[in-house]
1. To the nearest 10 degrees, how steeply does helix 35-46 sit against the main Cα axis of the chain, on a 0 to 90 scale?
2. Pick from 68, 296, 84: which is most flexible by mean-square fluctuation in a GNM of the chain where alpha carbon atoms under 10 Å apart are linked?
3. Residue 304 versus residue 184, label points 7 Å from Cα toward the beta carbon: distance in nm?
4. Mind listing the phi-derived Karplus ³J(HN,Hα) values for the stretch 223-230, rounded to whole Hz, using 6.51, -1.76 and 1.60 with θ = phi - 60°, and x for any glycine or proline?
5. P(r) tail for the chain, what percent of Cα pairs lie past 31 Å?
6. For residue 249 and residue 237 in one chain, what is 0.36 nm times their gap in residues minus the Cα-Cα distance, to one decimal in nm?
7. In the chain, once you exclude exposed chymotrypsin sites (Phe, Trp or Tyr not before Pro) (DSSP loop, at most 16 other Cβ within 10 angstrom), what's the longest stretch remaining?
8. With θ set to phi - 60° and the Karplus curve 6.51 cos²θ - 1.76 cosθ + 1.60, what are the ³J(HN,Hα) couplings of the stretch 103-108 in order, to the nearest whole Hz, using x for Gly and Pro?
Amino acid sequence: MIYKSPITDHNSPITIRSLLRNTAVQFEERGIESPRLTAELLLAQILQMKRVELYLDFDREILEEERNCFQRSIERRLRGEPTNYILGEMEFMGFTLKIQKGVFIPRPETETLCEAVLNQIESVGVWDGLHQNDPNGRSSPTELIVFEIGCGCGAISLALALQFTTNHKYPITNYRIFASDISEEALQNARENARRLGVSSNIQFLKGDLFEPFHPLQLKADLLISNPPYVPSSLLDQLSLEIRKFEPREALDGGEDGLTFLRKIVREAPPLLKKGGLLALEVGEGQASTVQDLINPKGGFQEVEIFKDLAGIRRGVLAKLSVKESLQN
Ligand SMILES: C[S@@+](CC[C@H](N)C(=O)[O-])C[C@H]1O[C@@H](n2cnc3c(N)ncnc32)[C@H](O)[C@@H]1O
């Protein structure tokens, strides 16, 4: 379909109000999700305003140069490019991440994974074997070690780092995060995000296949976290055009039944976890029980627990390595 400019009436001035209205109508006609919000996000970026400021200056006239830039953004969106690639950024757990083309766009449900893990950490007792008693009788880990597999633009590791650094409710004084990805583009994006957010000194981003980059470290982790590719290969072609055409296939393709990476992670995690260490995995819709079964019978895990996302979908699994089994490793 040929792109039709939403700016049609050349006799009356083009304002924020009229431009948003016309663009939202056009997006809606073309089946773009959240048409009004998308129009607002794209226009706010061009005008270098916050979204709320658009409403405070609704009758501001739009200059020709601004209109041209906005039209280019609209055309990209109409061609199916995800809004976050056009904006070059996104919000995750209350902070802004840069996101570049070719790197997986973090999804809101992954915030649920971060929150489930943070809740465990807050409740202490996850790391029974590691805690030292402080003078106040409270126990806290000496140093928390985190491994993340498949970090993408860094969303999960950065969310944890920012919470550990700024939120005093987590009993963590010292932490190190090691995050791996197979994609150099993703790692570059993640390193830039860590620099911008001021947590570079606590996170190392390592290139390699799954656990491979962690072996030379000769460390065991208190927390091993991952949102791996989990879409069954046969369903990839059924994903929306914007995902299929723009997001990296290697971030999505979970093999024949979608469980290839999850299976490997469950199998290989125990020797890399400290006693009482936590394995935290995001899974696809309908996969939670299978992953729970994969974890349950072997590997020395205990307390396997499923958590749901905000839509009520069973979205992930938390499993604690038993102290006894780990001591045998
Ligand atoms: C679903 S994305 C998750 C990205 C990010 N953690 C998030 O939650 O937004 C999966 C990530 O795993 C990475 N990946 C795919 N195969 C991998 C492998 N064999 N080893 C390490 N990372 C891999 C992809 O490049 C992608 O960044």
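1. 90 degrees
2. Checking each option, the largest mean-square fluctuation is seen for 68.
3. 3.9 nm
4. 9, 10, 10, 7, 10, x, x, 9
5. The answer is 39 percent, as a whole percent.
6. Net length gain for the segment: 3.3 nm.
7. Working: sites that count: 3, 58.
Counting at most 16 other Cβ atoms within 10 Å as exposed, the longest clean stretch of the chain is 59-329.
8. Whole-Hz 3J(HN,Hα) from phi for the stretch 103-108: 10, 4, 8, x, 9, x.
The values are calculated or read from the model by the stated rules, or taken from the named source; none is laboratory data. A quick note: this is a predicted structure, and the numbers were derived from the prediction, not measured. Positions of Cβ are backbone-derived with ideal geometry, glycine not excepted, and every protein chain shown enters the neighbour counts. For the accessible areas, the whole protein counts, side chains as well, though only heavy atoms, and no ligand, DNA or RNA atoms are used. Shrake-Rupley method; radii C 1.70, N 1.55, O 1.52, S 1.80 Å.
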